[in-house]
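A.B. asks: Can you read through this structure? Questions will come right after.
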Amino acid sequence: MSVEQAMSLFHSATEQVKVHVLPLVGIQSTDPLADNAALVVVFVLTVVAMWLVLQLLSGTSSSSSSRKRLGNSVLLLGPCDAGKTALFFLWRNGSLIETVSSLKANTDTIDLLNRGDKSTPIEVIDYPGHGRLKDGAMQSLEKARCIVYLVDAANRQSLKTAAESLYDIFTHPTMGVKGSKPPLLIACNKQDVGGARKKEGVVEDLEREIERLRQSRGVALEGQDEADSFLGIEGEPFKLEHAPCSVRVCECAVAEEKIDELNDFVAENF
């Protein structure tokens, strides 16, 4: 483009601003100097507005890029004998089998969504609940799109173990400021067993035990930033709604194949 063409284009744009823009902002003048001053004002305001929009977009992009993406797996966690492996094979085979405690994770790709002709295979990881395997379970959090955490509602003593495990999950970097924060469903299993506690009782026990752990372990974990590892709200007893990720609670009976709420939770996250 030549200098003459550029000048012609500039003058044409100037005239369009005079005719269409200045009246809209309430400027009516036949004085060329006043018109030029108004053009400068409009130009400056436009530049400022564009700068603000770019800053906003840049901040949003930076915030989203600094936070890790969710994984692509359904992660089954919980204490030993809570029903994780029974659920895994019920999902995989469509029927119940006899299971025993294992020191090895079960992993398979399963079509859990039942969306008609469209097959949607999802990786399901059933991780053992033994304490010696805790580090591996914590590492698997990064693979999770969502977490199904099973507890034995008929064994109140096991809820203490569950609370310790949930505390470790909630204070793990995956749940921190820059973590992916996968949503978690606490499934109160074995509702078919006599004496099993309803979800309200399970929640009460878990919250009380997690609060005790908060007090005994302190607000920061070794090697982590305090802002990332702080759990709950300072000065208030711990509640599940204070967890760093979305937490839901339901009742189920895997032995009777009553797992509709678990299936719904998975479907909502895929």
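Please treat every number below as a calculation from the coordinates, not as lab data. Computed from a predicted model, the values in this text were never measured in an experiment. Don't worry about glycine lacking a Cβ; one is built from the backbone with ideal geometry, like all the others, and counts go over all protein chains shown.
A.B. asks: Taking a threshold of 28 Å on the Cα-Cα distance, which of the pairs 134/239; 118/258; 118/190 fall above it?
C.D. replies: Cα-Cα > 28 Å for 118/190; rest within.
A.B. asks: Along Cα→Cβ, 7 Å out, is where each label goes; now give me the distance between the ones at residue 113 and residue 178 in nm to one decimal.
C.D. replies: Each label point is offset 7 Å from its Cα along the Cβ direction, giving 3.1 nm.
A.B. asks: Which order, highest average first, do 245-251, 232-238 follow once you tally other Cβ atoms within 10 Å for each residue and take the mean per peptide?
C.D. replies: Working: 245-251: 16.9, 232-238: 12.4.
For the peptides 245-251, 232-238, the packing ranking is 245-251, 232-238.
A.B. asks: Eigenvalues of the Cα gyration tensor times 5, then square-rooted: what semi-axes does that give for segment 90-174, in whole angstrom, largest first?
C.D. replies: 25, 17, 13
A.B. asks: For the pair residue 239/residue 130, report the inter-label distance in nm, with labels modelled 7 Å from Cα in the Cβ direction.
C.D. replies: In this crude spin-label approximation the distance works out to 3.9 nm.
A.B. asks: Excluding residue 207 itself, calculate the net charge of residues whose Cβ lies under 15 Å from the Cβ of residue 207, where each Lys or Arg counts +1 and each Asp or Glu counts -1.
C.D. replies: Values: positive: 156, 160, 197, 198, 199, 208, 212, 214, 239, 248; negative: 164, 200, 204, 205, 209, 211, 236, 241.
Here the charged neighbours net out to +2.
A.B. asks: I'd like to compare 157-166, 86-95: which one has the highest average count of other Cβ atoms within 10 Å, and what's the full order after that?
C.D. replies: Sorting 157-166, 86-95 by mean packing, highest first, produces 157-166, 86-95.
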